[in-house]
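The values are calculated or read from the model by the stated rules, or taken from the named source; none is laboratory data. These numbers were taken from a predicted model, which means no experiment stands behind them. Positions of Cβ are backbone-derived with ideal geometry, glycine not excepted, and every protein chain shown enters the neighbour counts. Note: areas computed on protein heavy atoms with side chains; ligands, DNA, RNA excluded. Shrake-Rupley method; radii C 1.70, N 1.55, O 1.52, S 1.80 Å.
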Amino acid sequence: MIKEEHDGKIDVEFEGMPSIRLESFKSMDEAGMLERLAIATRRRRFSLFEDWRIELTDIDYSDELNGLVEIPSRDSAEKTIVFDGASIPLPWLVSLLTVGILRPLGVMLVGSIVHDYAYQYGSLRMSRDGGETFEDIALSRDQADRLFRDIVGTVNQLPFVGYIAWFFVRIGWLWVRYNGKRFGGKPPLGEYVLLTLLLAAVLWVYATLGMGLATIAFSSVYIVLYIASIIIGRKRRRRV
């Protein structure tokens, strides 16, 4: 198995991408038209075929999170652990607004598995002796979000993508639970202010240019970014 090593904001190392299976929704054949549309917009949930390990080092905001992390496929009751891809609210809308960059099963996959597990249990299984023994290390919601940001940015060598992903995760503070509890950690007031300013800017553009011109302007920017993402992706695949 090929070992992947990535250096960036933090250092990330793992042997091979995790093997995942998608958790099935109700059969489309049994659903009506409206129900099929509703199913199509739902967050894609997945589980691991087997336990997966990732090593994280050079983390400057928590010495305890430096080490080997094991993400189990089953919990202590042998029940399959289900992940949903970073717990980002309205993932289909986020994917659209980011030109398809922030897909739960795309560039966010590696970071989202670690992030999802931390959100479910409020801890990570850590080892500092090469995997001989593991212990549960508690981490705050803020730390889990920062870890997600740094893993996404480092693995993909796109730090700004990590920050965008982090931003959308942070604005889910109002309704996404952490370790079974709401409103855990420091309220992301700065992110909500920025979101408000962005929405106000969009409304101002539509009020100034009108619905038609504003839609054309935003569509043009979207198309340019989409084409750029395809070109960058092809160049990266050729290098690999």
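So that you can scan it fast, the table gives a plain yes or no per residue for (1) at pLDDT below 90; (2) of a type outside the set (Val, Ile, Thr); (3) open to solvent by less than 50 Å² (accessible area, probe 1.4 Å):
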{"residue": "Ala138", "(1), (2), (3)": "no, yes, no"}
{"residue": "Val161", "(1), (2), (3)": "yes, no, yes"}
{"residue": "Leu198", "(1), (2), (3)": "yes, yes, no"}
{"residue": "Gly212", "(1), (2), (3)": "yes, yes, yes"}
{"residue": "Ile227", "(1), (2), (3)": "yes, no, no"}
{"residue": "Lys235", "(1), (2), (3)": "yes, yes, no"}
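For segment 1-37, taking the residues that are touching a helix residue (DSSP H, G or I) at 6+ places or on another chain (Cβ under 9 Å) and closer than 14 Å to Trp52 by Cα, the one that is modelled with the highest pLDDT is identified as Val12. Given the condition open to solvent by 70 Å² or more (accessible area, probe 1.4 Å) and at positive phi, answer yes or no: does some residue in segment 182-190 qualify? Scanning segment 182-190, I find at least one residue that is open to solvent by 70 Å² or more (accessible area, probe 1.4 Å) and at positive phi, so the answer is yes.
Considering only segment 152-194, how many residues are hydroxyl-bearing (Ser, Thr, Tyr), within 26 Å of Asp11 (Cα to Cα) and outside any strand (DSSP E or B)?
Residues that pass the stated criteria total 2.
Could you grab me the full set of residues in segment 38-62 that are at pLDDT below 65 and of a type in the set (A, V, I, L, M)?
If we filter segment 38-62 for residues that are at pLDDT below 65, which is where we start, we get 38-43.
Correct list: Ala38, Ile39, Ala40.
Taking the criterion of being more than 14 Å from the chain's Cα centre (by Cα), under 23 Å from Glu5 (Cβ atoms) and aromatic (Phe, Trp, Tyr), the only residue of segment 114-173 that qualifies is Phe134.
Is it fair to say Leu65 is modelled with pLDDT of 90 or more and either touching a helix residue (DSSP H, G or I) at 6+ places or on another chain (Cβ under 8 Å) or surrounded by fewer than 14 Cβ atoms within 10 Å (Cβ to Cβ) (or both)?
Values: modelled with pLDDT of 90 or more: yes; either touching a helix residue (DSSP H, G or I) at 6+ places or on another chain (Cβ under 8 Å) or surrounded by fewer than 14 Cβ atoms within 10 Å (Cβ to Cβ) (or both): yes.
The answer is yes for Leu65.
Of all residues in segment 102-118, those being open to solvent by 10 Å² or more (accessible area, probe 1.4 Å) and modelled with pLDDT of 90 or more number 1.
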